[in-house]
Amino acid sequence: MPPAHPRIAYFPDSFHEVNGVAHTSRNFAAFAERRGLPMLCVRAGKTTRLIESTGTVQALELGRSPLAVALEQDLHFDPLFFRYSDLISDTVRGFRPDVIHITGPSELGIFGAYFAHKLQVPLVASWHTNVHEYAARRMHWFSRHLGRGGESMELAVEALLLDATSRLYKLAKVLYAPNPGLCSLLERKTGRPCHLMQRGVDTELFTPAKRTRGDGEIVLGFVGRLSVEKNVALLPRIHRELQARGIAVRWLIVGHGAEQAMLRRELGDAAMAGVLRGEQLAEAYANMDLFVFPSHTDTFGNVVLEALASGVPAVVTPDGGPAHIVREGETGCIACDEEFSGTIAALLQHSERLAAMRSAAREYAMQCSWDAVFERVVAKYPLR
């Protein structure tokens, strides 16, 4: 008979940072607290400490060493994490988990898989980031100089990393992914069953009621990491093409990353807000007229769902998770790179259609909740 409240040892790749994995992980811990599920969250932090909770969730935070390699402004990989082996072992053994849940091929994911094997505890793995695609996009600065050979090299690296990551995921009994396409891919690569682990949204925080603008300007928005894999280089092109059509827009860019200086230079008087959280982020979304998200690599797209909850229709690419969120012609539009500016122009020139989309976007988001997402995840755990 499976336990009514399974004891979950959770090893997230990211928790405190600003990205989809961290956002999901924080909401998973909050769900466990609300539902009374015993959870041990083993995660990276600024210092090493065991955080006891007055509820059912406790955390083991592990400080990174000076040799940690920066993968992005707030993401690192620490090759010296093995120094915590005994501490993690003692803490996990003392917690007595019924299941160990990892979120990716990080040092913490590897630790989680190791201790699941060592303690003979069922392992589950959720896929949140297309690391193979990210790595290939990051190589483009070099491979673009090699012509067709560069494209072949990118594809080879992508395939190699997908195979390597799949080997880790084969160790799990059950897999989760945020969209149906990824579920099918993982089932083919690993032979393991894969279930949907979509994302939820806080519709009380993200709401059209936070809108404070009434200036008549057209504000296009983007929220996310300002990096090459998010395809943010398309934003200046959209800006120029809209100008050529005689459409004046202002950009509101939320986030940070390596492409920040380029966007500041190319988007003229764009508001570069940096990283925002909570009420400030909610207000930023609500003050956008249209959300522009050109990423081809996102597995879900939390920011797209947050925009819809704020009553802001979204224009996204046909690749990855966002295309499964946006309902074409109802809550936004799906477009290829070369179609973005034309799609945006058409929407802006039909105010009644855009107003209907704003209402439909909010209505759709109201059907999504974090509790429903995580209840489905826990229901599929392979408990002993």
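The values are calculated or read from the model by the stated rules, or taken from the named source; none is laboratory data. Keep in mind that this is a model prediction, so the values were computed, not measured. Methodologically, a virtual Cβ is constructed for each residue, glycine included, from the backbone with ideal geometry; neighbour enumeration extends over all protein chains shown.
Scanning region 89-122 for residues that are closer than 11 Å to F11 by Cα, among the aliphatic types (A, V, I, L, M) and surrounded by fewer than 22 Cβ atoms within 10 Å (Cβ to Cβ) yields I110, A113.
Sub-9 Å Cβ pairs linking a first residue in region 55-70 that is within 24 Å of A32 (Cα to Cα) and of a type in the set (D, E) to a second residue that is modelled with pLDDT of 95 or more and part of a strand (DSSP E or B), at least 6 apart or interchain, are E61/C41; E61/V42; E61/R43, ordered by first then second residue.
Looking only at region 171-201, how many residues end up being small (G, A, S) and assigned to a loop (DSSP other than H, G, I, E, B)? Write out each step before concluding.
In the first step, residues of region 171-201 are kept if they are small (G, A, S); the result is 172, 177, 181, 184, 191, 200.
Subset that is assigned to a loop (DSSP other than H, G, I, E, B): 172, 191, 200.
Adding up the residues that qualify gives 3.
How many of the residues making up region 277-305 are part of a helix (DSSP H, G or I) and closer than 22 Å to V228 by Cα? Going through region 277-305 one residue at a time, the tally reaches 4.
For region 17-26, check the following and say yes or no: at least one residue is farther than 25 Å from D202 by Cβ, in contact with a strand residue (DSSP E or B) (Cβ under 8 Å, 6 or more places away or on another chain) and not assigned by TED's automatic domain parsing to the domain that holds G301. Within region 17-26, none of the residues are farther than 25 Å from D202 by Cβ, in contact with a strand residue (DSSP E or B) (Cβ under 8 Å, 6 or more places away or on another chain) and not assigned by TED's automatic domain parsing to the domain that holds G301. Any idea which residue in region 172-210 is modelled with the lowest pLDDT, counting only those that are of a type in the set (V, I, T) and more than 24 Å from Y10 (Cβ to Cβ)? That would be T203. Put simply, of E266, E283, E259 the only residue that is assigned by TED's automatic domain parsing to the domain that holds A346, in contact with a Leu (Cβ under 9 Å, 6 or more places away or on another chain), farther than 20 Å from F340 by Cβ and of a type in the set (D, E) is E283. The set of residues in region 184-242 being closer than 30 Å to K173 by Cα, surrounded by 18 or more Cβ atoms within 10 Å (Cβ to Cβ) and more than 23 Å from the chain's Cα centre (by Cα) is empty. Of everything in region 330-370 that is in a loop (DSSP other than H, G, I, E, B) and out of contact with any helix residue (DSSP H, G or I) (no Cβ under 8 Å at 6 or more places or on another chain), the residue that is farthest from D289 (Cα to Cα) is S369. All told, A365 falls short of being at pLDDT 95 or above, touching a Phe, Trp or Tyr at 6+ places or on another chain (Cβ under 8 Å) and either crowded, with 23+ Cβ neighbours inside 10 Å or under 29 Å from L162 (Cβ atoms) (or both).
In region 226-262, how many residues are in contact (Cβ under 8 Å) with a residue 12 or more places away in the chain, part of a helix (DSSP H, G or I) and more than 14 Å from P294 (Cα to Cα)? Selection size over region 226-262: 4.
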